[in-house]
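**Student:** Below you will find the structure I want to go over with you.
The values are calculated or read from the model by the stated rules, or taken from the named source; none is laboratory data. All values reported here derive from a predicted model rather than from experimental measurement. Cβ placement follows ideal geometry from the backbone for every residue including glycine, while neighbour counts extend to all protein chains displayed.
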Amino acid sequence: MKSSTDTPNFLGLRTAIYHVPDLDKGKVWYSKVLGIEPYFDQPFYVGFNVGGYELGLDPDPSSKLPGSGGVVVYWGVSDADAGLKRLISLGATERTNVQDVGEGIRIATVLDPFDNVFGVIENPHFKLPSE
């Protein structure tokens, strides 16, 4: 019989979904930000493979809760200052400047052009097995 350590309930992050009212504009903006084209591109959803994780774009207005808040997803970068500067140069609005949250971990957040919170994290302690 398998124990709970053999089959964990959670296997790790797979997908972060952002609401974009205009899927074509969202696809163009995120293609520039990520430097890649989507691997899944349909009229109802667009998905990008970002280092083995999915960033999804959903145009369905019922998928967005009113007001700001909720979960903030932080995407790994090697330099938080450069990541923040690049996002702002591509049309994002600074939400929080780069902050050192301890032990060399640095984070920042922006609002994308569609009012989603988009975070970047520079974490020298987190490495994927293939890195």
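**Student:** With a cut-off of at least 3 residues that are more than 16 Å from the chain's Cα centre (by Cα) and surrounded by fewer than 18 Cβ atoms within 10 Å (Cβ to Cβ), name the strands (runs of 3 or more DSSP E) lying wholly within the stretch 75-123.
**Tutor:** Counting at least 3 such residues, we get 93-102.
**Student:** Further, regarding this structure: Identify, please: which residue in the stretch 17-40 is free of Cβ contacts under 8 Å to residues at least 24 places away in the same chain and part of a helix (DSSP H, G or I) and is, among those, farthest from the chain's Cα centre (by Cα)?
**Tutor:** Checking each candidate, the answer is 24.
**Student:** Assess whether residue 69 counts as being at pLDDT 95 or above and in a loop (DSSP other than H, G, I, E, B). Step through it out loud before you land on a result.
**Tutor:** Values: at pLDDT 95 or above: no; in a loop (DSSP other than H, G, I, E, B): yes.
In short, no.
**Student:** Looking only at residues that are modelled with pLDDT under 95 and of a type in the set (A, V, I, L, M) in the stretch 16-45, which one is nearest to residue 73 (Cα to Cα)?
**Tutor:** The qualifying residue nearest to residue 73 (Cα to Cα) is 16.
**Student:** Here is a follow-up. Quick one: what pairs do we get from the stretch 75-88, first residue without any contact (Cβ under 8 Å) to a residue 40 or more places away in the chain, second of a type in the set (Phe, Trp, Tyr), C-beta under 9 Å, 6+ apart or different chains?
**Tutor:** The qualifying pairs are 83/75.
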